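First the structure, in the form of structure tokens, and then the observations on it.
The values are calculated or read from the model by the stated rules, or taken from the named source; none is laboratory data. The structure displayed is predicted, hence computed values, not measured ones. A quick note on method: Cβ atoms are made from the backbone with ideal geometry, for glycine too, and the neighbour counts reach across all protein chains shown.
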Amino acid sequence: MINVPKGTKDALPSESYKWQYVEATLRKVADLYNAREIRTPVFEHTELFVRSIGDETDVVSKEMYTFEDKGGRSITLKPEGTAPVARSFIENSLDALSLPLKMYYITPCFRYERPQAGRLREFHQFGIEVYGATTPYLDLDCISLAYNALLSLGLKGIVLRLNSIGCPKCRKEYTNALKEYFKSRLNEMCSTCKDRFERNPLRLLDCKSPICKEIGLGAPKITEYLCDDCKAHHEKLCQLLNDHGIPYVIDQNIVRGLDYYTRTVFEFVTTELGAQGTVCGGGRYDNLIASMGGKQTGCVGFAMGLERLIMLMEAQNVDFGRRYPDVYIMSQSAEYVDYCMKLVNVLRNNGISADTEMSGKSLKAQFKYADKINANYGIVIGESEINSQTIKIKKLSDGTEKEINIADLSEYLLKNI
């Protein structure tokens, strides 16, 4: 038997309704904010991610699924959604459209990591990308969209954590200060942090090792190194969040492992998923488009992992609004199956979810099947029903019955489902 690859998971029919509910809810919220969907390929040229994310990041150096195609080109399954959208923005001259431009995506992503709860090698993201302005108002709009999306999914206990990592100018001074602070304690830190010390000093603040976290408590704070513009941007955003009633906590340990982030960074976190408590991460990346060959363009966005969202919703017993068949039509014997099929087709054409027996089950087995699929109503069709053109429709949850004309069945169900 061939099994599913490690780090991937099937969305079975018994679970897929949860995905459909989450995706439909997220699309509805995005539409309220005037965001439009963009779909990019599952794979891109490897250079795109090396250039945008940074060849010294963990994503590029350790986690990407990269291969050579038959034409000798280096191809990578996308590890995240932002860089492909940025590539499309430049390639298709989307800056010629009215800006700001808001786009969203729902896409699979791929990273070679150790599989664990809430973290798979193939995972799915909902993301927002907003192009065309550098003001903190766009930061607010983006954070507000994420906040309302999480509320719309019925989630509770979500906390917004906010920070600013400044611009390249002030961040350079800060990273130098971090290295100066950590170098005397580097021998006590984990091997990952020793590697990050030269490649990406900001990530030293992000380590989950208890020893590294304790050492990091006394590290310099980024707010002490923000330039006047970055400080003003951050303070204005905090004021806007207060004005709009979006609660937040300043967390100066929030950093980003991807090179394109500037100024605002944020996360929505929960304590209900253990180590994988971040359900949404985002921020501002005003230099991304220019670094990829486009014009200097303000950008802000975020991504949510759908697997983690669903895990959290399950933990909080959120109602996914599962869809069941409105009616199941049963045949007294095989000679009436043709009639049942025609009746089912009429109901479906009227927007009613209907199914019928097609595999030769006995009437008793058909009733059991109707219960298993949680059909709302059951109808038995036999000679007398066809001759009289009247049926008894049974509510399967409580057994109550009502006799109606077959011609009135669609109207009855539309009023009662």
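Criterion first (exposed (fewer than 13 other Cβ atoms within 10 Å of the Cβ) and either in the same structural domain as Gln252 (by TED's automatic domain parsing) or touching a residue at least 12 places away in the same chain (Cβ under 8 Å) (or both)) does Lys172 satisfy it?
Taking the combined requirement at face value, the residue does not satisfy it.
Filter the helices (runs of 4 or more DSSP H) completely within the stretch 324-417 down to those with at least 2 residues that are of a type in the set (Val, Ile, Thr) and in contact with a strand residue (DSSP E or B) (Cβ under 8 Å, 6 or more places away or on another chain).
By residue number, 337-349.
From the list Glu403, Glu411, Glu307, which residue is acidic (Asp, Glu), more than 30 Å from Leu26 (Cβ to Cβ) and touching a residue at least 12 places away in the same chain (Cβ under 8 Å)?
Glu403
Kindly list the number of the only condition in (1) outside any helix (DSSP H, G or I); (2) over 24 Å from Thr271 (Cα atoms); (3) among the basic types (Lys, Arg) that fails for Lys172.
(1)
If I go through the stretch 363-403 residue by residue, how many of them are within 44 Å of the chain's Cα centre (by Cα) and not charged (D, E, K, R)?
19
Find the residue count for the stretch 332-386, including only residues that are touching a Pro at 6+ places or on another chain (Cβ under 6 Å) and of a type in the set (Asp, Glu).
1
Within the stretch 186-223, count every residue that is free of Cβ contacts under 8 Å to residues at least 12 places away in the same chain and assigned to a helix (DSSP H, G or I).
10
Is there a residue being under 16 Å from Val159 (Cα atoms), touching a residue at least 60 places away in the same chain (Cβ under 8 Å) and either of a type in the set (S, T, N, Q) or out of contact with any His (no Cβ under 6 Å at 6 or more places or on another chain) (or both) anywhere in the stretch 284-298?
no
Read through the list (1) without any contact (Cβ under 8 Å) to a residue 12 or more places away in the chain; (2) surrounded by 15 or more Cβ atoms within 10 Å (Cβ to Cβ); (3) under 24 Å from Lys179 (Cβ atoms), then give the number of the only condition that Gly277 fails.
Exception for Gly277: condition (3).
Picking from Leu101, Leu77, which residue would you name as being under 23 Å from the mean Cα position of the chain (by Cα), of a type in the set (A, V, I, L, M) and closer than 19 Å to Glu307 by Cα?
Leu77 is the lone residue from the list that is under 23 Å from the mean Cα position of the chain (by Cα), of a type in the set (A, V, I, L, M) and closer than 19 Å to Glu307 by Cα.
One residue is enough: does the stretch 345-352 have a residue meeting the conditions out of contact with any Ser or Thr (no Cβ under 7 Å at 6 or more places or on another chain), buried (at least 18 other Cβ atoms within 10 Å of the Cβ) and either more than 30 Å from Gly157 (Cα to Cα) or touching a residue at least 40 places away in the same chain (Cβ under 8 Å) (or both)?
Scanning the stretch 345-352 turns up no residue that is out of contact with any Ser or Thr (no Cβ under 7 Å at 6 or more places or on another chain), buried (at least 18 other Cβ atoms within 10 Å of the Cβ) and either more than 30 Å from Gly157 (Cα to Cα) or touching a residue at least 40 places away in the same chain (Cβ under 8 Å) (or both).
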